[in-house]
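Visitor: Let me begin by handing over the structure; questions about it come next.
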Amino acid sequence: MANTIHVDVVSAEESIFSGEAEFVVLPGEAGELGIYPRHTPLITRIRPGAVRITPAGGGEEQLIFVAGGILEVQPRVITVLADTAIRGTDLDEAKAAEALKRAEEARAKAQDKQEIAAVEGELAMLAAQLAAIRRLRKK
């Protein structure tokens, strides 16, 4: 399979995905990255958002939400080391919306810059998670 690349997506808790893919899209630090087999080696941070994997030989696109982490690309292997990773099918919109509401309330009550920054990071992650859920629903 010369036109595929091996993809591993792992979190601190478990391996979320391991398999061959034709194409991978994910939220890099400087913007969205599209990666094909034989991509130039690369290491970058990942922003919260959806990793979209087009499996080898067709099949349904895999969507995995990541809350940040590190991406390493080698010509034949992509490794995503995520802080938190959740399979698209396991995402719960009601829980994410409730957590977003609580984080917005916490931001309103935040006092110092450090507390505000932590809450705003949580808000960004939850907004990205809700966007991933909505993207999955459109399919």
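The values are calculated or read from the model by the stated rules, or taken from the named source; none is laboratory data. From a predicted model like this one, the values you see are computed outputs, not experimental measurements. As a convention, Cβ positions derive from the backbone with ideal geometry for all residues, glycine included, and neighbour counts pool all protein chains shown.
Visitor: Would you mind stating whether Ile53 is surrounded by 12 or more Cβ atoms within 10 Å (Cβ to Cβ) and either modelled with pLDDT of 90 or more or more than 23 Å from Ala12 (Cα to Cα) (or both)?
Guide: yes
Visitor: Looking only at the stretch 37-55, decide whether some residue is free of Cβ contacts under 8 Å to residues at least 12 places away in the same chain and not assigned by TED's automatic domain parsing to the domain that holds Met125.
Guide: No, the stretch 37-55 has no match at all.
Visitor: Checking Val9 against (1) under 18 Å from Gln129 (Cα atoms); (2) modelled with pLDDT under 95, which test does it fail?
Guide: Unmet condition: (2).
Visitor: Working only within the stretch 56-110, note down all residues that are surrounded by fewer than 13 Cβ atoms within 10 Å (Cβ to Cβ), of a type in the set (Asp, Glu) and in a loop (DSSP other than H, G, I, E, B).
Guide: The answer is Glu60, Asp92.
Visitor: If you take the residues of the stretch 33-50 that are crowded, with 21+ Cβ neighbours inside 10 Å and of a type outside the set (Gly, Ala, Ser), which of them is farthest from Glu22 (Cα to Cα)?
Guide: Pro48
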